[in-house]
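Asker: Before anything else, here's the structure in question.
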Amino acid sequence: MIVGIGARTPLGFSSEASAAAVRAGISAIQDHPYMIDRVGERMKVTRDSGIDAALSGPDRAVAIAAGPALDALAPLRRTDPSVPVALILSTGEPRPGQDGDFAARTDAGLRAKLSQGVNLAGGGSNAGGHAGGLLAIHHGYRMLQDGKARFCLVGGVDSYLEPETLEWLDEREQLHSDENTYGFCPGEGAGFCLMTQLQTARQLGIQPLLEVLCTSVAFEENKIKTRTICLGEGLSTAFQLLFDQAPIDPVDRIICDMNGERYRGNEYGFAVLRNPGRFRDAADFETPADCWGDIGAASGPLFVSLVAEAETRGYSKGPLSLIWASSENGTRAAALLGGPGGSR
């Protein structure tokens, strides 16, 4: 069960504000104050206006992540902060401006921030990229099922705004601009979910927000920005693995990390064709990157917050929500969410 959520995006510093802005179609995309792309135009990005512009690297990631992590932990902190919590954190993939030990350093910094108010015990970190936040949810789900933890704080944090990262994206022709309509707008953000078993939540008097019905992970051999042709086999497998465990009812809501890159739309199309009858309307999918920009590893947990806010405020499209994300390294991850009362 999901019993706590936290979100911080360029649209808002809470899950409530971010979800309301996405629902209203508000966009945080703006011109970068000084970074110029290959054709002499200011790069289009989304930025967290509440974080000191001078902060960079793991320090910036921790500053973005600390608030939403504490928000997600709030239900447990109010009841019994002594209960051990496993922290599973994901960051972006290694890239210029973000070295190989970035995930470990961010994890260490965040643990130091949170340890004053909660009993962190175990977990780990990975540089999982776009699917990383959903990977964290997948691992947390497994830990709870196997009895290896009572609570898991799972989340992702990412920022593409290091100058070296933006220049690298520009060189790879991945930045959205008037000259490149199939690029994306890099951003930054963090999302966290507090997970536990239903019995544990009841014992501590914590109200569930959502049920994680099942999760899946797969791998795509034909990666983006290679000469291979992607036929969506990795995402198709992720969907198939998910639906093998899922209720037979069709999915009511779909939220994904499509960001404007043609590759991502193509793979989704193939994955839908390979999973007929599982979607109420496969064309009715939501792409929050249109509003808060591409926020990489934070995507999955932030999608959870969108579903939770809809459930809490009574505008959910139906009981079953599918969320999925695709990393450039080939990882594909998905999760099926139901209301707190269960959807089976």
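The values are calculated or read from the model by the stated rules, or taken from the named source; none is laboratory data. Remember, it's a predicted structure, so these values are computed and weren't measured experimentally. Quick reminder, even Gly has a Cβ in these numbers, built from the backbone with ideal geometry, and neighbours come from all protein chains shown. Surface accessibility is based on the protein's heavy atoms, side chains included, excluding ligands, DNA and RNA. Shrake-Rupley method; radii C 1.70, N 1.55, O 1.52, S 1.80 Å.
Asker: If ligands, DNA and RNA are left out, what is the accessible area of F102 with a 1.4 Å probe, given in Å² to the nearest 10?
Answerer: Solvent-accessible area, nearest 10 Å²: 20 Å².
Asker: Heavy-atom accessible area of Y268 with all protein chains present, probe 1.4 Å, nearest 10 Å²?
Answerer: 10
Asker: Need the list of lysines near K223 for cross-linking: C-alpha distance under 28 angstrom, and skip anything on the same chain fewer than eight residues off.
Answerer: Cross-link targets: K44.
Asker: Using alpha carbons only, what's the Rg to Rh ratio of the range 60-189 with Rh from Kirkwood?
Answerer: Rounded to two decimals, Rg/Rh equals 1.05.
Asker: Where the only charges are on Cβ atoms (+1 Lys, Arg; -1 Asp, Glu), what is the dipole of the range 217-296 about its Cα centre, to the nearest 20 debye?
Answerer: 280
Asker: If you don't mind, another one. Stokes-Einstein D for the range 200-344 at 20 °C, 1.002 mPa s, Kirkwood Rh over Cα pairs, in µm²/s?
Answerer: 137
Asker: What distance in nm separates the simple spin-label points at A108 and E41, each placed 7 Å from Cα in the Cβ direction?
Answerer: Inter-label distance under the simple model: 4.2 nm.
Asker: Would you kindly work out the equivalent ellipsoid of the range 54-99 from its C-alpha gyration tensor and give its semi-axes, the square roots of five times the eigenvalues, largest first in whole Å?
Answerer: Rounded to whole Å, the semi-axes are 28, 12, 7.
Asker: Then there's this: Using helices alone, what [θ] at 222 nm do you get for the chain, with -39,500 (n - 2.57) per DSSP H run of 4 or more residues, divided over all residues and rounded to the nearest 500?
Answerer: Counting only the DSSP helices, I get -11000 deg cm²/dmol.
Asker: Which GluC sites (Glu not before Pro) in the range 151-180 sit in a loop by DSSP (not H, G, I, E or B) and have at most 15 other Cβ atoms within 10 Å of their own Cβ?
Answerer: Sites meeting the loop and neighbour criteria: E173, E179.
Asker: Mind pulling up the Rg/Rh value for the range 1-57? Radius of gyration and Kirkwood radius, both on Cα.
Answerer: 1.09
Asker: Also, I was wondering about something else. Sorted from largest to smallest, which semi-axis lengths in Å does the alpha carbon gyration tensor of the range 1-128 give for its equivalent ellipsoid, taking the root of 5 times each eigenvalue?
Answerer: Over the Cα atoms of the range 1-128, the ellipsoid semi-axes are 29, 20, 11 Å.
Asker: What number, in percent, do you get for the relative contact order of the range 139-212 if the mean sequence gap of Cα pairs under 8 Å and at least 6 apart is divided by its residue count?
Answerer: In percent, rounded to a whole number, it is 37.
Asker: Another one. Using unit Cβ charges (K, R positive; D, E negative) and no other charged atoms, how large, in debye to the nearest 20, is the dipole of the chain about its Cα centre?
Answerer: 1180
Asker: I need the trypsin sites (Lys or Arg not before Pro) found in the range 142-199, filtered to DSSP loop residues with at most 16 other beta carbons within 10 Å of theirs.
Answerer: The qualifying sites are K148, R172.
Asker: Counting C-alpha atoms alone, how compact is the chain: give Rg to one decimal and Dmax as a whole number, in angstrom.
Answerer: When restricted to Cα atoms, the chain yields Rg and Dmax of 18.7, 60 Å.
Asker: Also, quick follow-up: Once each part is reduced to its C-alpha centroid, what is the distance from the range 161-239 to the range 51-118 in angstrom?
Answerer: 18
Asker: Calculate one ³J(HN,Hα) per residue across the range 230-236 by plugging θ = phi - 60° into the Karplus curve 6.51 cos²θ - 1.76 cosθ + 1.60, and present them in order as whole Hz with x for glycine and proline.
Answerer: 7, 10, x, 5, x, 5, 4
Asker: Run through all the Cα pairs of the range 261-344 and give the fraction in each 5 Å bin from 0, expressed as whole percent.
Answerer: The calculated distribution, bin by bin, is 3, 11, 23, 25, 21, 12, 4, 0.
Asker: If each of T79 and Q197 carries a label point 7 Å out from its Cα toward its Cβ, how far apart are those two points in nm?
Answerer: Once both label points are built, they end up 1.4 nm from each other.
Asker: Take E173 and Q30, extend 7 Å from each Cα along the Cα→Cβ direction, and tell me the distance between the two endpoints in nm.
Answerer: Result for the modelled spin labels: 3.1 nm.
Asker: Once R0 is set to 35 Å, what does the formula 1/(1 + (r/R0)^6) return for the Cβ-Cβ distance between L55 and D146, expressed as a FRET efficiency to the nearest 0.05?
Answerer: Efficiency computed from Cβ-Cβ geometry: 0.40.
Asker: Which of the peptides 255-267, 213-225, 300-312, 318-330 is most tightly packed, and how do the rest follow, judged by the mean count of other Cβ atoms within 10 Å per residue?
Answerer: Ranking, from highest mean packing down: 300-312, 318-330, 255-267, 213-225.
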